[in-house]
């Protein structure tokens with residue numbers, strides 16, 4: 001079942017000014033429930049912009065973006081500390097369930113399950129997220145997304161800051177989420193995540209191209 005669809009989407013920063021920069025040029029794709037899609041590309045290729053458009057943070061200049069009615073979309077940013085606001089990791093992870101009107105017990109259960117799924121130690125949930133290591137911050141950010149049981153999970157450079165063991169655990173988690181029917185869209189320049197990707201494309205020159213290890217980051221429009 002199609003859950004996300006981009007149709008001829010265009011987006012530019014500083015549109016209408018001498019410094020206008022076009023980032024997406026007639027981009028079209030579809031993502032189904034249970035599908036794991038990776039957008040590979042160099043820094044500045046528009047990967048993060050694509051996720052922000054999908055999350056509704058940005059609006060396209062032209063074209064259409066469709067999300068299935070009622071679908072819950074969660075976005076984990078590349079720099080988690082830019083989105084943290086709670087005093088503890090527990091409060092950060094539990095914010096979504098609380099906003100959804102869950103009871104105290106339900107929030108505690110949601111936090112515990114989400115933290116466990118990303119292998120974040122429960123004995124550290126009372127710490128400030130700003131005091132955590134880079135890898136731990138990413139786990140808290142991901143757990144915050146998972147605590148609301150999203151239909152669509154958007155991950156911006158999810159492997160950055162993780163060691164080899166953390167990357168392996170992340171790959172296994174993404175595969176499990178896809179198997180459970182969640183649509184997962186990744187933006188990354190790490191080819192190692194292609195192993196868990198069912199659909200992989202390159203974002204270059206504002207357009208999407210078929211995945212090729214040999215052509216990675218070098219394909220021109």
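The values are calculated or read from the model by the stated rules, or taken from the named source; none is laboratory data. Quantities reported herein were computed from a predicted structural model and do not represent experimental measurements. When we count neighbours, we look across all protein chains shown, and the Cβ atoms used for this are built from the backbone with ideal geometry, even at glycine.
Can you work out which of the residues in segment 130-151 that are in a helix (DSSP H, G or I), over 12 Å from residue 170 (Cα atoms) and touching a strand residue (DSSP E or B) at 6+ places or on another chain (Cβ under 9 Å) is modelled with the lowest pLDDT?
Only one residue tops the list, namely 141.
Scanning segment 32-57 for residues that are touching a helix residue (DSSP H, G or I) at 6+ places or on another chain (Cβ under 9 Å) and crowded, with 17+ Cβ neighbours inside 10 Å, which turns out modelled with the lowest pLDDT?
Filtering segment 32-57 for residues that are touching a helix residue (DSSP H, G or I) at 6+ places or on another chain (Cβ under 9 Å) and crowded, with 17+ Cβ neighbours inside 10 Å, the one modelled with the lowest pLDDT comes out as 41.
Being over 14 Å from the mean Cα position of the chain (by Cα), farther than 22 Å from residue 40 by Cα and not in a helix (DSSP H, G or I): is that true of residue 98 here?
Judged against the criteria, residue 98 is not a match.
Given the options 162, 127, 154, name the one that is within 14 Å of the chain's Cα centre (by Cα), surrounded by 16 or more Cβ atoms within 10 Å (Cβ to Cβ), at negative phi and not in a helix (DSSP H, G or I).
The unique qualifying residue is 154.
What pairs come out if I take residues in segment 38-64 that are at negative phi and in a loop (DSSP other than H, G, I, E, B) and pair them with residues that are surrounded by fewer than 17 Cβ atoms within 10 Å (Cβ to Cβ) and at pLDDT 90 or above whose C-beta lies under 8 Å away, six or more apart or interchain?
60/10; 61/10
Quick check, is residue 74 in contact with a helix residue (DSSP H, G or I) (Cβ under 7 Å, 6 or more places away or on another chain), within 11 Å of residue 186 (Cα to Cα) and surrounded by 18 or more Cβ atoms within 10 Å (Cβ to Cβ)?
no
Any residue in segment 166-182 that is part of a loop (DSSP other than H, G, I, E, B), closer than 23 Å to residue 49 by Cα and in contact (Cβ under 8 Å) with a residue 12 or more places away in the chain?
Yes, segment 166-182 contains a residue that is part of a loop (DSSP other than H, G, I, E, B), closer than 23 Å to residue 49 by Cα and in contact (Cβ under 8 Å) with a residue 12 or more places away in the chain.
Picking from 63, 16, which residue would you name as being modelled with pLDDT of 95 or more and over 17 Å from the mean Cα position of the chain (by Cα)?
Selected residue: 63, the only one of 63, 16 that is modelled with pLDDT of 95 or more and over 17 Å from the mean Cα position of the chain (by Cα).
Quick check on my filter: what residues within segment 77-86 are surrounded by fewer than 17 Cβ atoms within 10 Å (Cβ to Cβ) and either part of a helix (DSSP H, G or I) or at pLDDT 95 or above (or both)?
Residues satisfying the conditions are 81, 82.
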